[in-house]
Amino acid sequence: MTTHAQRAATFLEDGPRTDWHDKSLWHVRSKRDGSIAGIPEWEALRQLGSDIKDNVLSNLDTYLEEFEQRATANGVIVHWAKDAEEHNRIVHGILARHRVDRIVKSKSMLTEECHLNQYLEEQGVEVIDTDLGERIIQMRNEPPSHIVMPAIHLKKEEIGQLFHEQLGTDEGASDPQYLTEAARQHLRAKFLAAKAGITGVNFAVAETGGIVVCTNEGNADMGVHLAPVQIHCMGIEKVIPRAEHLGVFTRLLGRSATGQPITIYTSHHHKPKPGGEMHVVIVDNGRTEQLGREDFRNSLKCIRCGACMNTCPIYRRSGGHSYDHTIPGPIGSILSPGLDLKKHGDLAFASTLCGSCSDVCPVKIDIHAQLYKWRQVVSEEGHLAKSKTIPLLGAGAVLSRGGLYNFMGKAARTALNIVPRAVVYNRFNPWGESRELPEVPKESFKEWYARTQTPEA
Ligand code: SF4
């Protein structure tokens, strides 16, 4: 089993890609900053979004039942799935009943989480992802590396080569407009041939029983409008109480994600089209357990905007695949340890704890504080590597004894002035590979303070 640090090291081997990835995401973060600068009430809007989500998490059962009742009254068929396996079986059951062997699917992190594509393909169903970024990574047999920009780790030249091999575009072509047009023609045929369309859900409104899907490409709409059977898959946390709350979240989502005032398409689905069927599959898959963890429950407020990824200095320079989880970045690092602490516990350390993720989060999730709490859980449950526990035990012993701390400080100041450089800067000190210690002071801060500060009379 590899660690996040090892996978990040692999990403960092390609220096130019790392720099470009870093800059691209920072550009998106800057667009977000520019966009919210025009909203004087931005902080009040964040607080409102956070409060609505707090209310949802405290009354989840009530809102979900209300949603089911209203949706059913509208003619929608609502299903409940306790985990990924049940979700996949339900979706396949619907398709099998209608003898569907090819579907189109728009971006849905929930279906990624449940590995729906793989499951359906094993049952003989052709699945075509229709979001451009998703289609690119599907052609490459890769998972998404970002929740909003799934192919952000790829350069246009790599996509040009992929399209040349799989779609027959001109060799060496990398013009984004040309490549997008080729993808459009390729997908058009798939849309027309599909017998069912699957989408994710951004918001499910308890008051109306309707669902809302936000995209920039219109692919979700095309899929569900053309196919007679439409299926929408949502986690239990996607419900919001009233239609009037939608405005709060749509204003927060587009700006936080890409700096847009609103996503290009914000589509409302309330009932099946004439002669068609509309299904909503509501999935738990570990969310109830997370809800029961007092310190981590508000991670379920996430509206999947990706802003915490765009701003995170670790994510930007380690790439989404280094997280080895469906949701990467800071939010993924507080969701995944709850699913498998042994496997994902190291993600709690994939952070500088700078707090930038919490600052940009549109629903005010205290992400960096939760990362810190997960570190404590990882340590208490014995999943910390020896390379961390031994130095930490030593540091704990020194930092908790004033006399020993003073002695060690003096010893270190003396030693650093006389030991050969190779004793400090060697292969056991990766920190020193790109940094120099500052000049060693002659005295400690405490000594300097006692010498220079005169106590007030
Ligand atoms: S945690 Fe906050 S910033 Fe990160 S994706 Fe979710 S809503 Fe966006």
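Values in this text are rule-based calculations from the coordinates and carry no lab data. Here the structure is a predicted model, which is why all the values come from computation and not from measurement. For neighbour counting, all protein chains shown are included, and Cβ atoms are generated from backbone atoms with ideal geometry for every residue, glycine included.
Laid out as a table, the results:
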item: Counted residues, region 346-380 - those being among the charged types (D, E, K, R) and either on the phi > 0 side of the Ramachandran plot or more than 25 Å from the chain's Cα centre (by Cα) (or both); result: 2
item: Filtered residue count, region 312-341, keeping only those that are within 12 Å of the ligand (Cβ to nearest atom) and either touching a strand residue (DSSP E or B) at 6+ places or on another chain (Cβ under 7 Å) or not hydrophobic (A, V, I, L, M, F, W, C) (or both); result: 6
item: Output for region 97-123, where each listed residue is of a type in the set (Val, Ile, Thr) and either within 13 Å of GLN138 (Cα to Cα) or touching a helix residue (DSSP H, G or I) at 6+ places or on another chain (Cβ under 6 Å) (or both); result: VAL104
item: Index of the failed condition, GLY93 passing every other in (1) of a type outside the set (Ser, Thr, Tyr); (2) farther than 20 Å from LYS195 by Cα; (3) free of Cβ contacts under 8 Å to residues at least 24 places away in the same chain; result: (2)
item: Within region 360-418, considering residues that are outside any helix (DSSP H, G or I) and of a type in the set (Gly, Ala, Ser), the one farthest from the ligand (Cβ to nearest atom); result: SER400
item: Which numbered condition LEU300 fails, given (1) out of contact with any strand residue (DSSP E or B) (no Cβ under 9 Å at 6 or more places or on another chain); (2) within 15 Å of the ligand (Cβ to nearest atom); result: (1)
item: Wholly enclosed strands (runs of 3 or more DSSP E) of region 190-306 bearing at least 3 residues not β-branched (Val, Ile, Thr); result: 229-235, 265-269, 277-283
item: Residues (aromatic (Phe, Trp, Tyr) and surrounded by fewer than 20 Cβ atoms within 10 Å (Cβ to Cβ)) located in region 112-171; result: TYR119
item: Output for region 419-432, where each listed residue is part of a loop (DSSP other than H, G, I, E, B) and either in contact (Cβ under 8 Å) with a residue 40 or more places away in the chain or under 23 Å from LYS442 (Cα atoms) (or both); result: VAL419, PRO420, TYR425
